[in-house]
Amino acid sequence: MQKITPEQKEKFFPNGITNGVTIEVYDFISSVLLRSRPDVDGWDGLKALAICEAIYESSWSNQAVQVKDVLEGKVEGYQKEINEYWGIDS
């Protein structure tokens, strides 16, 4: 932190915000207001979530699970029980 410029610090920690989720929300709102692309868009968020889901699916099935397969809906053993409970069609 001591080796970055004040401009870099403001870019990565706008208005002194240090909480990651708050920074993402700030970036999203700024992007909407300025009509610009956020640093992390919806697709990036979906991919990050798919990594977590692949870990759950891998643990549930005791097998390696590809993130690509989660994104394509090919793997849903862990998720199936949750979907059934909530009445969600996959």
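General observations
- Scope region 13-46; condition within 30 Å of Gly73 (Cβ to Cβ), in a loop (DSSP other than H, G, I, E, B) and aliphatic (A, V, I, L, M); matching residues: Val40
- In the set (1) in contact with a Lys or Arg (Cβ under 9 Å, 6 or more places away or on another chain); (2) in contact (Cβ under 8 Å) with a residue 12 or more places away in the chain; (3) exposed (fewer than 13 other Cβ atoms within 10 Å of the Cβ), Lys74 fails one condition alone, (2).
- Annotation note: Cβ proximity below 9 Å between a residue of region 20-34 that is in the same structural domain as Glu10 (by TED's automatic domain parsing) and more than 13 Å from Gly45 (Cβ to Cβ) and a residue that is of a type in the set (Val, Ile, Thr) and not in a helix (DSSP H, G or I) (sequence gap 6+ or interchain) occurs for Ile23/Ile17; Tyr26/Ile17.
- From the options Glu53, Glu81, residue that is in a helix (DSSP H, G or I), under 13 Å from the mean Cα position of the chain (by Cα) and either outside the structural domain of Glu10 (by TED's automatic domain parsing) or under 30 Å from Lys11 (Cβ atoms) (or both): Glu53
- Scanning region 56-67 for residues that are part of a helix (DSSP H, G or I) and either surrounded by 12 or more Cβ atoms within 10 Å (Cβ to Cβ) or at positive phi (or both) turns up Tyr56, Glu57, Ser58, Trp60, Ser61, Val67.
The values are calculated or read from the model by the stated rules, or taken from the named source; none is laboratory data. All of these numbers come straight from a predicted model, not from anything done at the bench. Note that each Cβ is placed from the backbone with ideal geometry, even for glycine, and that neighbours are counted across all protein chains shown.
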